[in-house]
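Presented below is the structure to which this report refers.
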Amino acid sequence: MDWGRAKSVLILAFLLLNLLLGYQLWGDVRERVQPRSNSAELSPETLAALKAKRVAFSGVIPKETPELHDLTYRYVGRAGAPASDAESAGAGSKAGAAESGAGAEQPDGGVAEPEGITPLETPVDSRVVFRREELLKALGGVIPELDRYELDTLGLDDRKFVLYRMEAGRPMFNVRLELYYSDQRITGYRQDRIELLPADEGQRPQPVLPASRAIRPEVVEKYMPDGAAIKEIRLGYKEGQRFDSETQVSTPSWRILMEDGSSIYLQASSGEVLIDKPEPSPASGG
């Protein structure tokens, strides 16, 4: 028997086996990092609208359809307004400002710092925001109720990290905590704080529409720019209408996050598009 030849065959066989196993492992990792799109679950009309406007989407459309009820609450501290004024303001910041966190444009073309930022006495390494335990250890004694907020990893920008108030594992898109950073150090924060109120005894949880049904041709045609790209679709809560009162309501809503950072919100039980309305003006004094 030619042992030299047999040894070469065995080595080649093991090499081919390792290549096959490596390819399978690479495929598994790629699928976890970049899941296959299930956009085929959208209606043919919606797919046609996406194609006509050249809207790209390679992510996953959530299939969850839980039964959820509205959240009733009041603000006890609102970003951009002193805590003592939060109740009288009622509706919070101007339309769009609470969503973007952007300051006013200056004459020189720069952007002013948003109102209501609380500076940290001791800046903190910005890397802690990606490690929840370290974040709570570093800032849990400084920022009230920090443990109730979670990082929106897809909503990062070059000035701040955005965290949302969570309820039953779902984000409240209107209730934010913004951590401002510079030179890789968190230097200040701006926070919305709420107090949840008991739900109406007569209110029953309502089933939500699947995201594939909530995204309709008219949503694509009216609210998505040509050549846009969808980054993520997520279920949470959104204020459908801001009331000029102490009590506010958030309804279960689908958020369609676009690559440019803009968002489209769809009321989850009806598919209605939710658009921020201007803050009701406080009554002026005599």
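Give just the number: which of (1) at pLDDT below 95; (2) buried (at least 16 other Cβ atoms within 10 Å of the Cβ) does Ala199 not satisfy?
Failing condition for Ala199: (2).
Does Val219 satisfy the condition of being farther than 22 Å from Gly116 by Cα, surrounded by fewer than 21 Cβ atoms within 10 Å (Cβ to Cβ) and touching a residue at least 12 places away in the same chain (Cβ under 8 Å)?
The answer is yes for Val219.
Of everything in region 169-200, what is closer than 15 Å to Val142 by Cα and assigned to a loop (DSSP other than H, G, I, E, B)? Give them in sequence order.
Asp192
Whether any residue in region 133-142 is at pLDDT 95 or above and under 16 Å from Gly77 (Cα atoms) is what I want to check.
Yes, region 133-142 has at least one match.
Against the definition (of a type outside the set (D, E, K, R) and at pLDDT 95 or above), how does Ala52 come out, yes or no?
Considered against the rule, which asks whether it is of a type outside the set (D, E, K, R) and at pLDDT 95 or above, Ala52 comes out as yes.
Anything in region 230-257 that is open to solvent by 30 Å² or more (accessible area, probe 1.4 Å) and within 20 Å of Lys63 (Cα to Cα)? List them, or say none.
Lys231, Glu232, Arg234 - these are the residues of region 230-257 that are open to solvent by 30 Å² or more (accessible area, probe 1.4 Å) and within 20 Å of Lys63 (Cα to Cα).
Go through (1) open to solvent by 20 Å² or more (accessible area, probe 1.4 Å); (2) among the acidic types (Asp, Glu); (3) in contact with a Pro (Cβ under 9 Å, 6 or more places away or on another chain) one by one and return the number of the condition Glu133 breaks.
(3)
Given (1) charged (D, E, K, R); (2) in contact (Cβ under 8 Å) with a residue 24 or more places away in the chain; (3) closer than 20 Å to Gln248 by Cβ, identify the lone condition not met by Arg148.
It is condition (2) that Arg148 fails.
State all residues of region 228-286 that are at pLDDT below 90 and aromatic (Phe, Trp, Tyr); if no residue qualifies, say none.
Phe243
The values are calculated or read from the model by the stated rules, or taken from the named source; none is laboratory data. In this text, all values refer to a predicted model and were calculated from it rather than measured experimentally. Glycine also receives a Cβ, built like all others from the backbone with ideal geometry; neighbour counts cover every protein chain displayed. SASA here: full protein model, heavy atoms, side chains in, ligands and nucleic acids out. Shrake-Rupley method; radii C 1.70, N 1.55, O 1.52, S 1.80 Å.
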